[in-house]
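S.K.: I have a structure here, written as structure tokens, and I will follow up with some questions on it.
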Amino acid sequence: MNEEVTIDIKRIDDYRWRIPRVGKMKTDGIVYADKKMLEDIKKDKSLQQVANVAWLPGIVGCSLAMPDIHWGYGFPIGGVAAFDINRGIVSPGGVGYDINCGVRLMRSGLSRNDIEDKIDDLVDALFVNIPSGVGSQRKDLKLNAENERNVLLRGAKWAVDQGYGTQEDIEYIEDRGCILNADPQFISKRARERGRNQLGTLGSGNHFVEIGFVSDIYDHDLARALGIYEEQVTVIVHTGSRGLGHQVCDDYIKVMLRASGKYGIDLPDRQLCCAPVESKEGKEYLAAMACAANYAFANRQIITHWVRKTLEHVLKLGPKDLQLDLIYDVCHNIAKIEEYRIDGKKKRLCVHRKGATRAFPPDHPDIPRAYRALGQPVLIPGDMGRYSYLLVGTEKAIEETFGSTCHGAGRVMSRSRAMKLAKGRDIVRELKDKGITVRSASRSTIAEEISDAYKDVSDVVEVVHNAGISKKVAKLKPMGVIKG
Amino acid sequence: MKGYEIIDHTADIGIKVYGKDLKELFQCAAEALFEIICDLSEVADSIEKGVTLEGDDLEQLMVVWLGELLYLHETERILFKRFEIKELENNSLSATVYGEEFREGHHTIRTVVKAVTYHQIQVEQKDGGWVSRVIFDL
């Protein structure tokens, strides 16, 4: 694909590796990984992509990569890069197509053995109640232009006002479920059309709703403070801004291709196209991106509502017995304006997290009051056959990674290789034998998403934990999953 | 030479397409996109749509062309199988495209393509024909 370029990479310590600045790079790259993972990472071109990001104007600190790094388009997936808001850029490619793709984690008042014999019914009911797969639409929720505008402006708050969830939910969403500088006038008609009947739907690929349980606790004090205990039933929702977000990215890549020329920005790859944060193009993209991010917050909020209703119905429980409360909702494809202390001075930066999660430490003003003593909860979903992790953010993440950590397992195998490997196997049966019920709109999704196609998320989490940029709290195992 | 091959990516998927001229190249790229999405042997060509587009250059035109088909596919739930490029010059294109509305149970969806990217996009003249590379976001 790329011209063969060997990337020079030097060990800093067991979990950090430096790509020294060469050629047109403006800074070094730093990759968080252990030695074994690095060998895998070297097999694709993602290290070249870390180096490419370091070309971009106004980059502050290093071009960073989390241990779940893999090949993306333009920016690597698992990439974090911060830019000075006065001298630096914002790039739609540094956010990705699925704007504010993210995950939310809920705890419940139930134990694993309360639902073990009902898991098939639960999965079937979720599958019926939460549309997924190609062109999925909600028949009971079509937005008119006015409602859609409110979704774009108000995000999860709009959803709660419509009766999807509670005011308390809002408290436990990154940015309280609404990014403030959203301006729908910068959203194309086409993006609106794509968004209009997809709200409340899961989409495809790696998106899912998962019922699981807490299998291991690593930090009992933190777990207790987060209301987590062993064998407790949990629910994870993973989805984003659907066709609306994809269209916003597509629209603004076109804008940025022109802008890059206009502002004389030297690009190693067209997909890195960008504009100064403070330029007209930069501001408009951020206002449009915020709309798509708000749509995604509303989407996860509405799906949460249907998950609650479904569980209440199948288990014949009231909301008070179910107690399906939100622990936290994080974005992992987004650009944010955040303040950091750089060389002793406070600076506002445009932090791009593409397949990376915000992980703010205790006492940070932007995390819920209830978590001020703990740090921001971070959910790292693994593949459907293994496990996920709950972590919290740390001060070291602020010092080293602009308050960021990993976002998931990261693929190690292309979809077609995964399909070949799954050929002739009954993956649903194999998972069932491991105690996991899976349903998907598409058979090929299940084959493409087999565990073998992903890094073991525990390897990824070990690196961020040992490097100190987040801290392990608990491990969750799946019982039932619906996939897109 | 006409045809395409799949470029295998870790997270996404790409195509390398060949055509004797630009019209054939663009037609082939669209076929490749919908072969990735579904099994085209199950799809009829009962719906007809007209498409007129332009780009800043051929590479952008390719992304815009495939992006337009993807947009129509997603919003109108159409699977496209036949593409007649009527005109293609000065980085603009007009075409008539044919397909069928997606029906659950009748059509098999292989992969959902989210977007057409500019990543390593290429449209080039080579050995008397044309070649293009496109990467999709899945």
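S.K.: Would you kindly identify the strands (runs of 3 or more DSSP E) lying entirely within the range B:1-89 that contain at least 1 residues that are without any contact (Cβ under 8 Å) to a residue 60 or more places away in the chain? Don't jump to the end; show me each part of the working.
M.R.: Details: elements: B:3-8, B:13-19, B:47-54, B:78-89.
By residue number, B:3-8, B:47-54, B:78-89.
S.K.: Is it the case, given these coordinates, that A:ASP124 is closer than 30 Å to A:LEU324 by Cβ and at pLDDT 95 or above?
M.R.: Criteria met by A:ASP124.
S.K.: Follow-up question, since we're still on this one. Those residues that are under 20 Å from A:ASN150 (Cα atoms) and surrounded by fewer than 24 Cβ atoms within 10 Å (Cβ to Cβ), I need them from the range A:192-212; list them, please. Break it down into steps so the answer makes sense when it comes.
M.R.: First, pick out the residues of the range A:192-212 that are under 20 Å from A:ASN150 (Cα atoms): A:192-201.
Correct list: A:ARG192, A:GLU193, A:ARG194, A:ARG196, A:ASN197.
S.K.: Now for a different question. Of (1) away from chain A (no Cβ under 13 Å); (2) buried (at least 20 other Cβ atoms within 10 Å of the Cβ); (3) in contact with a strand residue (DSSP E or B) (Cβ under 6 Å, 6 or more places away or on another chain), B:LEU33 satisfies all except one. Which?
M.R.: Every listed condition holds for B:LEU33 apart from (3).
S.K.: Check A:PHE360 against each of (1) crowded, with 22+ Cβ neighbours inside 10 Å; (2) of a type in the set (A, V, I, L, M, F, W, C); (3) under 30 Å from A:GLY480 (Cβ atoms) and name the one condition it does not meet.
M.R.: Here A:PHE360 clears every test but (3).
S.K.: Also, I was wondering about something else. Kindly indicate the residue of the range A:220-263 that is in a helix (DSSP H, G or I) and among the polar types (S, T, N, Q) and also farthest from the other protein chains (Cβ to nearest Cβ) among those meeting that condition. First the steps, then the outcome.
M.R.: As a first pass, look at the range A:220-263 and keep what is in a helix (DSSP H, G or I): A:220-225, A:242-262.
Next, only the ones that are among the polar types (S, T, N, Q) stay: A:247, A:260.
On the way: A:GLN247: 8, A:SER260: 11 Å.
Only one residue fits best here, namely A:SER260.
S.K.: Something else now. I'd like the full set of residues that are more than 8 Å from every other protein chain (Cβ to nearest Cβ) and either farther than 11 Å from B:PHE136 by Cα or loosely packed, with under 15 Cβ neighbours inside 10 Å (or both), limited to the range B:102-122.
M.R.: The initial filter retains those residues of the range B:102-122 that are more than 8 Å from every other protein chain (Cβ to nearest Cβ), namely B:103-108, B:113, B:122.
Those that are more than 8 Å from every other protein chain (Cβ to nearest Cβ) and either farther than 11 Å from B:PHE136 by Cα or loosely packed, with under 15 Cβ neighbours inside 10 Å (or both): B:ARG103, B:GLU104, B:GLY105, B:HIS106, B:HIS107, B:THR108, B:GLN122.
S.K.: Turning to a different aspect of this structure: Within the range A:437-462, which residues are touching a Pro at 6+ places or on another chain (Cβ under 8 Å) and surrounded by fewer than 22 Cβ atoms within 10 Å (Cβ to Cβ)?
M.R.: A:ASP459, the sole residue that qualifies.
S.K.: Give the residues of the range A:339-357 that are under 18 Å from A:ARG87 (Cβ atoms) and assigned to a strand (DSSP E or B), sorted by residue number.
M.R.: Matches in the range A:339-357: A:GLU339, A:TYR340, A:ARG341, A:ILE342, A:LYS345, A:LYS346, A:LYS347, A:ARG348, A:LEU349, A:CYS350, A:VAL351, A:HIS352.
S.K.: Right, something else. With the condition being touching a residue at least 24 places away in the same chain (Cβ under 8 Å) and under 28 Å from A:ARG107 (Cα atoms), I'd like the helices (runs of 4 or more DSSP H) fully within the range A:376-476 carrying at least 1 qualifying residues.
M.R.: In the range A:376-476, A:395-401, A:427-433, A:443-448, A:457-467 are the helices (runs of 4 or more DSSP H) which contain 1 or more residues that are touching a residue at least 24 places away in the same chain (Cβ under 8 Å) and under 28 Å from A:ARG107 (Cα atoms).
S.K.: Name the residue that is surrounded by the fewest Cβ atoms within 10 Å (Cβ to Cβ), counting only residues in the range A:394-422 that are among the basic types (Lys, Arg) and within 14 Å of another protein chain (Cβ to nearest Cβ).
M.R.: If we take residues in the range A:394-422 being among the basic types (Lys, Arg) and within 14 Å of another protein chain (Cβ to nearest Cβ), then A:LYS420 is surrounded by the fewest Cβ atoms within 10 Å (Cβ to Cβ).
S.K.: Could you say which residue among A:ARG18, A:ARG87 is under 28 Å from A:GLY264 (Cα atoms) and out of contact with any Phe, Trp or Tyr (no Cβ under 8 Å at 6 or more places or on another chain)?
M.R.: Details: A:ARG18 fails: under 28 Å from A:GLY264 (Cα atoms).
Exactly one of A:ARG18, A:ARG87 is under 28 Å from A:GLY264 (Cα atoms) and out of contact with any Phe, Trp or Tyr (no Cβ under 8 Å at 6 or more places or on another chain), namely A:ARG87.
The values are calculated or read from the model by the stated rules, or taken from the named source; none is laboratory data. Quick caveat, the model's predicted, so the values are computed rather than measured. Every residue, glycine as well, gets a Cβ built from its backbone with ideal geometry; the counts of neighbours run over all protein chains shown.
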